[in-house]
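The values are calculated or read from the model by the stated rules, or taken from the named source; none is laboratory data. Source: prediction; values computed, not measured. Every residue, glycine as well, gets a Cβ built from its backbone with ideal geometry; the counts of neighbours run over all protein chains shown. Calculation scope for accessible area: heavy atoms of the full protein, side chains included, ligands and nucleic acids excluded. Shrake-Rupley method; radii C 1.70, N 1.55, O 1.52, S 1.80 Å.
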Amino acid sequence: MAEGLRERKKRQTRQHISDIATRLFVERGFVTVTIAEVADAADVSVNTVYNYFPAKEDLFLDRSKGIVDRLSRYVRARGKGESAAAAVLRELREEVEAVSPKVGLMEGYGDFLRVIHEADALKARLWRVQQEALEHLEQTLREETDAAPDDPLPTLMAGQISWVQSTLMAMIGREMVAGRRAAEVSREALDLLDDMEDLLGEKVLNYAVRAAE
């Protein structure tokens, strides 16, 4: 269904507020900037900000939903004959090869991470997001394999697959904070993905293979 005018305006307003807030947080720090200052800079009321973002952390980590369901989306979209881990590795390689902002390969990502590292509230929120993503992936694997509720395998496999993404993102983040160029980091990240695939056992790499028929 096509997006209506009202929905489009709401989406644009939300994005405008988020962009203004992110700029202020990067310039002055997350703790220092107030909601009132964000509202004033975005030319909206404080209530409007809270209508779109219930908590201050939501202003900075406004795309957390995409993080939570990313690995699950990769798994559900895997091709015939492709395992869950293989699908995740393939998708991540494609993003890294494309030097994609989705995996932090962009100018300004280092500044974004510095804001998080300097704010305990943001670090705590990011940890919760990562835990939600892990739980979401585990549930997806249970559904995709018809695993019993007490079967520990989906939990173990979700941990292994999540390790691939978290290790990749940690490496990219570390290098971008250090001021490296995205294209250079991309090449090294591809090598890292190869190394991690070599470390994954056959049981992980052959788990949840989509049937050919």
Original post:
Where the only charges are on Cβ atoms (+1 Lys, Arg; -1 Asp, Glu), what is the dipole of the range 19-80 about its Cα centre, to the nearest 20 debye?
Top reply: 780
**OP:** For Val209, enumerate residues with amide H under 5 Å from its amide H, sequence gap 5+ or separate chain, H modeled in the peptide plane.
**Re:** Ala84
Subject >> Cα pair distances of the range 1-90 binned at 10 Å [whole percent] >> reply: 15, 34, 22, 20, 8, 0
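Counting only protein heavy atoms, what percent of the accessible surface of the chain is carbon or sulfur at a 1.4 Å probe?
Ligands and nucleic acids excluded, carbon and sulfur give 51 percent.
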**OP:** Diagonalise the Cα gyration tensor of the range 39-198 and give the resulting equivalent ellipsoid semi-axes, square root of 5 times each eigenvalue, largest first, whole Å.
**Re:** 29, 22, 13
Original post:
What is the list of residues in the range 75-96 whose amide nitrogen lies under 19 Å from a point 7 angstrom out from the Cα of Ala170, following Cα to Cβ?
Top reply: 89, 92-93
Subject >> Estimated FRET transfer efficiency when R0 is 25 angstrom, pair Arg128-Ala148 (beta carbons, to 0.05) >> reply: 0.35
**OP:** Would you list which lysines come within 20 Å of Lys56, measuring only between C-alpha atoms, while excluding same-chain residues fewer than 8 positions from it?
**Re:** Lys10, Lys65, Lys123
**OP:** Could you check the simple spin-label distance between Glu118 and Asp194, using points 7 Å along Cα→Cβ, in nm with one decimal?
**Re:** 3.8
**OP:** Find, among the GluC sites (Glu not before Pro) in the range 97-138, those assigned to loop by DSSP (not H, G, I, E, B) with at most 11 other beta-carbon atoms within 10 angstrom.
**Re:** Glu107
Subject >> Shape box of the range 119-213 [Cα atoms, principal axes, largest first, Å] >> reply: 46, 34, 22
**OP:** Counting only heavy atoms of the protein chains, get the accessible area per residue of the chain (1.4 Å probe) and round it to a whole Å² value.
**Re:** 56
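Counting other Cβ atoms within 10 Å of each Cβ, which trypsin sites (Lys or Arg not before Pro) in the range 66-121 have at most 11 and sit in a DSSP loop? Don't skip to the answer; put the middle values down first.
Working: sites: Arg70, Arg73, Arg76, Arg78, Lys80, Arg90, Arg93, Lys102, Arg114; in loops: Arg78, Lys80.
Answer by residue number: Lys80.
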Subject >> Residue among Ala182, Ala158, Leu134 farthest towards the positive dipole end of the range 91-205, charges placed on Cβ >> reply: Ala182
Subject >> For the range 121-134, 3J(HN,Hα) per residue [Karplus equation, 6.51 cos²θ - 1.76 cosθ + 1.60, θ = phi - 60°, Hz, x = Gly/Pro] >> reply: 5, 6, 5, 5, 5, 5, 4, 5, 4, 5, 5, 4, 5, 5
